[in-house]
Every structure is written in C-alpha cells, then in structure tokens.
Amino acid sequence: MELQGLHGQVVDRIGRSLAAEEIRAGQVLRLEDVQERYGVSRTVAREAVRVLESKRVVTSRPRVGITVRPLAEWNLYDPQIIRWRLASPAREAQLRELAELRAAVEPSAAALAASGAAPEARAALAGHARAMADAARAGDRGAFVAADAAFHRALLTASGNGMFAQLAEVTEELLVARRELALMPPDLDMAAVDRHREVAEAVAEGRPADAAQAVVRIVDAAHDEVERLLHGGGPCAYRR
C-alpha cells in the first residue's frame, strides 16, 4: 500500500537516498538529523523511521540512533523498496534479480495452475490475455501493462500456492517499471500476446508441462530484453 501524507513523503525521500547509497549502510543518524534534513516535526520524523524499521531498512535504538542496515537485510520483496532500487544506480542489479526470480517461480506456478486451478481462475487468465490483445491493437501501453500485470497476478494466484501468490506485487513492479522508466518501445508486439494466450490455453486444458514451457518462453523473452538494456542496446518490441 502506498504511504500517504508527509511522513510517507519523508519515507520515500529517505528510501531513495538509501537505495542510491547517498546514505550508506552502517551510517548512524539521529532523529534530529531527519527533522533538520527534511524539514519536518519530530512526530513525522519518528513515524517515518518506524516505517523504515518495518521494512528492515534501519534499526533504531535509544542512545545509539538510527542505523542503516546492509542491503542484504532489507525486505527486498517490499514493492516500495523495489521502486527505490529501480530508480537508483542499482537499477541493473534490480532488473536482473527480478527477472531471475520470475524465471525460478512462474513456470512452476503455471504447472500448478494447469493441474488444479478452478474454472473461474482459468477463465480469468484467458480474459486478461484478451485484454492484452485489445490494448496492443489499440497501442494503449497503460492498458497493456495493466492487463499484463493482472495476467501474472492471476497466474501466481491460480497456482494455489500462497507464497507464490504473494510474489505478484514483485512481478507487477517489474512490469510497471518498464513503462514508468521509459523502457517500452513505440510499438507493442503481438507475439507477446500470443505467448500469454498459449499459457492461458495450456492452463485451461490442464497441460502442466506445456503451461510451464509457455511461461519459460515469456520469461526468456523478458530476460533477453533486460540483458539488451543492461548492455546498452535499445529496447526492441515489447515481448513479455
């Protein structure tokens, strides 16, 4: 859930500084430093620190202060932390990690969905694939990304594995980031739609191996796109 209000703005500003290593691991801040740096009251500063503690980004101890934790200790699945890293010089590492996570999880989720998803879950996948096709034909990037994110959320949920389902927000951050970071090309690729349709059909027809392989094709295309971006190539047709 997006944080609202002044303390939410402070959390976001501090988080972006942390992700960019403008404030480094091991550095100790005082509450007064937060107040002065961001021009807020002690109450707002304390609430912002509390939120950062909940994300495991900092620890706060009496007579010690606010200590920045190493990146490895952060809650790296937190959508806001993902956004901070995608907006930072660590964007390349975050893109790779997200792509590798998808490759490890989504094929298994597809196989599980094909083995036991409820009829309404199978129908939802087909509906999201149709929405992707409609958006691609209309050239509507926003609608395309929304339908793509909904498809993968539905797939992870249809697996019946609650832990997989909770990774939907992580996948969604990657998909949305492509649009927000201007990583999408002018034209949307219908081949991406066809790959999603293949997944939906395999799930609907109860073909676990085919569903997993179809997702592998989606994830491989995504991985190739990320690697091109990381090595300085321009984005090609949107192939998720």
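State to the nearest 20 debye the size of the charge dipole of the chain about its Cα centre, where the only charges are +1 on K and R beta carbons and -1 on D and E beta carbons.
That gives a dipole near 760 debye.
Test of understanding: ordering S41, S115 by Cβ neighbours within 10 Å, fewest first, what list do you get?
Starting with the residue having the fewest Cβ neighbours, the order is S41, S115.
Got a sec? Charge dipole of the chain, +1 on Cβ for Lys and Arg, -1 for Asp and Glu; which of A121, P79, V58 is way out at the positive end?
V58
What's the extension gain from M190 to R50 if we count 0.36 nm per residue and subtract their Cα-Cα distance?
45.9 nm
Is there a quick way to get the dipole size of region 55-112? I mean about its Cα centre, with the Cβ of Lys and Arg at +1 and of Asp and Glu at -1; what is the value in debye to the nearest 20?
400 debye
Averaged over every viewing direction, what's the projected area of the C-alpha convex hull for the chain? Give it in nm², one decimal, please.
13.7 nm²
Could you grab the relative contact order for the chain? Cα pairs under 8 Å, six or more apart, rounded to a whole percent.
RCO, the chain: 19 percent.
When only C-alpha pairs under 8 Å and at least 6 residues apart count, what is the relative contact order of region 91-230, in percent?
Working: 188 pairs, mean separation 54.0, N = 140.
Reported as a whole number, the value is 39 percent.
Just want the answer: with Cβ charges of +1 for Lys and Arg and -1 for Asp and Glu, which residue in G26, V215, M132 is farthest toward the dipole's positive end in the chain?
Value computed over the given set: G26.
So what is the calculated 222 nm ellipticity per residue for the chain, using -39500 (n - 2.57) for each DSSP H run with n of 4 or more, over all residues, to the nearest 500 deg cm²/dmol?
-22000 deg cm²/dmol
Read the figures in this text as sums done on the coordinates, not as results from a lab. Note that the coordinates shown come from a computational prediction; the quantities given were computed from them, not determined experimentally. Using ideal geometry, Cβ is built from the backbone for each residue, glycine included, and neighbour counts are taken over all protein chains shown.
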